[in-house]
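Inspection log for the structure reproduced underneath, given as structure tokens.
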Amino acid sequence: MEQKKRIFSGIQPSGDLTLGSYMGAIKNWVALQDDYDCLYCIVDMHAITVRQVPADLRRRSLEQLAQYIACGLDPEKNIMFIQSHVAEHAELAWVLGCYTQFGELSRMTQFKDKSQKHADNITAGLFTYPVLMAADILLYQTDLVPVGQDQKQHVELCRDIANRFNGVYSETFTLPEPFIPPMGAKIMSLGAPESKMSKSDPDGCVFLMDRPEEIMRKFKRAITDCETAVKYDRENKPGVSNLLTIYCAATGKTMEAAEQEFAGQGYGVFKPAVGEAVVELVRPIQEEALRLMKDKAYLESIYQSGAQKAQALAQKTLRKVYKKVGFVAR
Ligand code: TRP
């Protein structure tokens, strides 16, 4: 039997999961779980690179796990765990940091953006964040990293670090590749459809756990344009195109079918229809997530066994690394 390729990905519990994280990431993870050997992580250590309210971070980390499962990620098929539970992430990050140039980190566009946004709190953690991400990926000898466009630069850096380390010490790390899944829908902000839907922009953002009224309100207020035609045209009609993308992702319909369905109908009919499709899509996910949140013992058993399995893999890599750099064996 051929060895399955390994996949690693993670989402920061720095805010609630959005419709964009579901349609753009988690839905794909679910589609990959049978054909790949997958680790899906709740990257709480990344989240503290900007200030978090401790109680919120703790609650959201658990909710994120419940929502991963409610979205269809099967804990029997995937390793699901919380990053801070596997100490090897921090340990490998330290070593890799010693093989990463200051200049390389300075060039990361996300660092430049975030340090502008958090100008009063530009920490060393924010700066070295891509090194921790490289550790996440390399610890598990990952082949493919499903990420959005905004994370590609970090995966490239991870490859560079791995390559450098392998070059100095002999083959140690698998070189990972960014993996933009074929059916990944990039969901844009409902308020500013030129930018990606983001949890830091509550107006343009639909959360997976939003109440139906809230979802309807957000879709009815979504930015469109001053025409009337429901047509897909990313360039000239970004708002309408985004709504069509969401509609198709929610219903499984093709773009042509969706355009036909709303031909001659105008936005007053179209926007609430998209809202309703989303309400129907998230209803069973919400019910299951709420049910799981009441079963703390179950969630605990999942993240504990996840961390155990992840750690067994991580230890293997870290041991090799420590030996190669010249640390005395314990
Ligand atoms: N940096 C990623 C983000 O903000 C999250 C992340 C952390 C990640 N470690 C990772 C994604 C490893 C993929 C692989 O979206």
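Numerical summary
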read-out	value
Any hit, the stretch 82-99, residues being under 15 Å from the mean Cα position of the chain (by Cα) and farther than 19 Å from residue 165 by Cβ	yes
Elements of type helices (runs of 4 or more DSSP H) contained in the stretch 238-330, each with 2 or more residues being open to solvent by 40 Å² or more (accessible area, probe 1.4 Å)	255-261, 267-293, 296-325
Residues satisfying the stated conditions in the stretch 13-52, i.e. within 14 Å of residue 82 (Cα to Cα) and out of contact with any strand residue (DSSP E or B) (no Cβ under 8 Å at 6 or more places or on another chain)	14, 45, 47, 48
Top-ranked residue of the stretch 129-151 - restricted to ones that are assigned to a helix (DSSP H, G or I) and at pLDDT below 95, ranked as least open to solvent (accessible area, probe 1.4 Å)	151
Identity of the residue in the stretch 188-224, of a type in the set (Asp, Glu) and modelled with pLDDT of 95 or more, that ends up surrounded by the most Cβ atoms within 10 Å (Cβ to Cβ)	210
Top-ranked residue of the stretch 124-153 - restricted to ones that are under 19 Å from residue 103 (Cβ atoms) and of a type in the set (Phe, Trp, Tyr), ranked as nearest to the ligand (Cβ to nearest atom)	129
Selected residue [away from the ligand (no atom under 13 Å from the Cβ) and at pLDDT 95 or above] from 121, 166	166
Sole exception among (1) touching a residue at least 40 places away in the same chain (Cβ under 8 Å); (2) open to solvent by 20 Å² or more (accessible area, probe 1.4 Å) for residue 231, by number	(1)
So residue 101, is it out of contact with any Gly (no Cβ under 9 Å at 6 or more places or on another chain), away from the ligand (no atom under 12 Å from the Cβ) and over 22 Å from residue 26 (Cα atoms)	yes
Pair list, Cβ < 6 Å and 6+ apart or interchain, from the stretch 3-16 residues that are modelled with pLDDT under 95 to residues that are open to solvent by 10 Å² or more (accessible area, probe 1.4 Å) and within 12 Å of the ligand (Cβ to nearest atom)	15/199
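The values are calculated or read from the model by the stated rules, or taken from the named source; none is laboratory data. Remember, it's a predicted structure, so these values are computed and weren't measured experimentally. Cβ atoms come from the backbone with ideal geometry, glycine included; neighbour counts cover every protein chain shown. All accessible areas refer to the heavy atoms of the entire protein, side chains included, with ligands and DNA or RNA removed. Shrake-Rupley method; radii C 1.70, N 1.55, O 1.52, S 1.80 Å.
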